[in-house]
Amino acid sequence: MRASAIRRLSALALTAGLTLPAALCAATPASAAAITCQNAAGELYVTKTSAPVRTTYYETGRAVDTVYRGNRLNYTRQCTNSKGHLWFWVDKTYGVKDGWIYSGNVARI
């Protein structure tokens, strides 16, 4: 943030009876979406040629395993990340390492 913008925001905050940090929070837009997770159970099958199983429910998470079209997976949890993307926590039931898989790579059985 530029110094002139900070001065204007500071003056506005004082006028409104706020501290500068409170004014900065009010001026910062909220994130696109909240992260929501819930316990869920079921089975999936892989619909893409191959799909990574990741350490987090974001595409930037490190891949710990790769699954292939037709593979079955057992999931026990699902989360929608801050970008609005649904991910499933898969476990070792079918020989896959524990981790997160993106819902766009699988279908529920």
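The values are calculated or read from the model by the stated rules, or taken from the named source; none is laboratory data. Quick caveat, the model's predicted, so the values are computed rather than measured. All Cβ positions, glycine included, derive from the backbone under ideal geometry; neighbour counts span all protein chains shown. Note: areas computed on protein heavy atoms with side chains; ligands, DNA, RNA excluded. Shrake-Rupley method; radii C 1.70, N 1.55, O 1.52, S 1.80 Å.
Are any residues in region 46-62 β-branched (Val, Ile, Thr) and either within 18 Å of residue 77 (Cβ to Cβ) or assigned to a strand (DSSP E or B) (or both), and if so, which ones?
Once the filter is applied, which keeps residues that are β-branched (Val, Ile, Thr) and either within 18 Å of residue 77 (Cβ to Cβ) or assigned to a strand (DSSP E or B) (or both), region 46-62 yields 46, 53, 55, 56.
Please go through region 73-90 and give me each residue that is in contact with a strand residue (DSSP E or B) (Cβ under 8 Å, 6 or more places away or on another chain) and surrounded by fewer than 16 Cβ atoms within 10 Å (Cβ to Cβ), ordered by number.
Across region 73-90, the qualifying residues are 76, 85, 86.
Assess whether residue 21 counts as being modelled with pLDDT under 95, over 30 Å from residue 96 (Cβ atoms) and either in a loop (DSSP other than H, G, I, E, B) or in contact with a helix residue (DSSP H, G or I) (Cβ under 6 Å, 6 or more places away or on another chain) (or both).
In short, no.
Open to solvent by 30 Å² or more (accessible area, probe 1.4 Å) and in contact with a Gly (Cβ under 8 Å, 6 or more places away or on another chain), is that true of residue 100?
No: the conditions fail for residue 100.
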